[in-house]
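Below is one structure, written out as structure tokens; comments come after it.
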Amino acid sequence: ELEKTLAIIKPDAVQDADEIKRIIKASGFSVIAERQIHLSTEQAGDFYAEHYGKMFFTNLMSFMSGGPIIAIVLAKKNAIEDWRKLMGPTNPMDARERFPDSIRALFGKDQTQNSVHGSDSVASASREIRFFFPQMILEPIPTGQ
Ligand code: CMP
């Protein structure tokens, strides 16, 4: 029943990490692991491999390797979907219009510097948690069979 997801506080919002974590916990999530890390551009490219070739990829790499980030494993019932709701839309301008209480509305700057990341599926949560916490024991991913 409990689901895990990977949250990242991106370089533009690390200064706001305490406030962001307060909102996360007040929204019913448990923080089960946390680490601060400064990625190389190569590691950032590896993490965001699915976006390779998109026009914003180079920007995203230099932004995500431009300073430390905080990777957090969150647990809650329905954690993946609920964390994406709490983050708000990718574009903070859009977030401020439609979801003014969301984290990107409150802390995001633009489409790249949008303060936080969240896994978009069970499979990516599993991959992304392992990326930052390779020793963590996770449930097998259901195959649907
Ligand atoms: P994130 O949820 O971490 O997943 C991919 C990231 O790429 C996204 O947040 C943004 O930071 C960035 N991104 C997505 N779309 C765009 C875009 N159109 N222009 C610039 N950056 C983008």
Run the simple label-point estimate for Ala33 and Ala123 please: 7 Å along Cα→C-beta, distance reported in nm.
2.1 nm
For Lys4, give me every one of the aspartates and glutamates with a C-alpha distance below 17 angstrom, ignoring sequence neighbours fewer than eight places off in its own chain.
Glu34, Glu81, Asp82, Asp120, Glu128, Glu139
If you take the charge dipole of the chain about its Cα centre, with +1 on Lys and Arg Cβ and -1 on Asp and Glu Cβ, which of Asn114, Ala75, Phe56 is farthest toward its positive end?
Ala75
Theoretical FRET efficiency, 1/(1+(r/R0)^6), r = Cβ-Cβ of Glu97 and Leu138, R0 41 Å, to 0.05:
0.65
With the contact rule set at Cα under 8 Å and sequence spacing of 6 or more, what percent relative contact order holds for the chain?
34 percent
Would you list the membrane-span-like helices of the chain, meaning whole DSSP H runs whose alpha-carbon atoms span at least 18 Å along their axis and whose mean Kyte-Doolittle value is at least -1.0?
none
Which value does Rg/Rh take for the chain over its C-alpha atoms, Rh per Kirkwood?
0.94
Gain in length, Tyr52 to Ser40, computed as 0.36 nm per residue apart minus the alpha-carbon separation, to one decimal in nm?
2.7 nm
Please list 72-83, 131-142, 92-103, 41-52 highest first by mean number of surrounding beta-carbon atoms within 10 Å per residue.
72-83, 92-103, 41-52, 131-142
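Read-outs: derived from the displayed coordinates by stated rules, not from any lab. Being a predicted model, the structure only gives us computed values, none of them experimental. In this analysis, Cβ positions are derived from the backbone assuming ideal geometry, glycine residues included, and neighbour counts consider all displayed protein chains.
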